[in-house]
Amino acid sequence: GPTMSRVVFGGKLLGETKSLVFDFLSSLALGETLSTASVAAIVYSGTDASPSSLISGSATISGSQVTQKITGGVLGVTYLLTCTVTTSAGQTLLLSGFTTIVRNQE
């Protein structure tokens with residue numbers, strides 16, 4: 001199956017909408033491009049009955065990078081976000097990373 005690589009996103013403030021970038025450059029051959037991209041969120045630790053609501057809108061492709069906006073979330077919950085792409089060469093590639101929802105600074 002496809003190989004899974006990890007990226008590090010760090011925290012997301014409870015009230016912020018943040019753009020996460022998944023970069024597939026190291027997995028692409030010369031001239032190979034990204035055809036489709038989707039990002040899914042699941043709970044890694046903590047409790048959120050609807051982790052998919054973290055995902056805001058559709059993923060966008062720019063060159064070797066996929067950008068996905070995330071919003072909301074539950075304070076203290078760590079989410080695992082996985083970006084799945086298909087490429088012009090017929091590859092299916094996955095990149096995943098964690099983000100934890102943290103309290104806004106007073």
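The values are calculated or read from the model by the stated rules, or taken from the named source; none is laboratory data. Bear in mind that the values here come from a model prediction, so they are computed numbers and not experimental data. Backbone-built Cβ (ideal geometry, glycine too); neighbour counts: all protein chains shown. Protein only, heavy atoms only, side chains kept; ligands, DNA and RNA dropped before computing areas. Shrake-Rupley method; radii C 1.70, N 1.55, O 1.52, S 1.80 Å.
Assuming a viscosity of 0.890 mPa s and a temperature of 25 °C, what translational diffusion coefficient in µm² per second does Stokes-Einstein assign to the chain, Rh being the Kirkwood radius over Cα pairs?
Working: Rh = 14.2 Å.
Here the translational diffusion coefficient equals 173 µm²/s.
Give the distance, in whole Å, between the Cα centre of the range 62-85 and the Cα centre of the range 19-33.
16
Carbon and sulfur together cover what percent of the accessible area of the chain at a 1.4 Å probe radius?
Numbers: 3110 of 5790 Å².
So the carbon and sulfur contribution to the accessible surface is 54 percent.
May I ask you to evaluate 6.51 cos²θ - 1.76 cosθ + 1.60, the Karplus curve with θ = phi - 60°, for each residue of the range 79-93 and list the ³J(HN,Hα) values in order in whole Hz, giving x for glycine and proline?
Computed from phi, the couplings for the range 79-93 are 10, 9, 9, 10, 9, 10, 10, 10, 10, 5, 9, x, 7, 10, 10 Hz.
I want the local charge near GLY10. Using Cβ-Cβ distances under 14 Å, sum +1 for each Lys or Arg and -1 for each Asp or Glu among the other residues.
On the way: positive: ARG6, LYS12, LYS18; negative: GLU16.
Local net charge: +2.
In the range 70-88, whose amide N lies under 16 Å from the spot 7 Å out along Cα-to-Cβ of GLU32? List them in ranges.
Counting backbone N atoms under 16 Å from the label point, the list is 84-88.
Can you give me the accessible area per residue for the chain, using a 1.4 Å probe, in Å²?
In whole numbers, the chain has 55 Å² accessible per residue.
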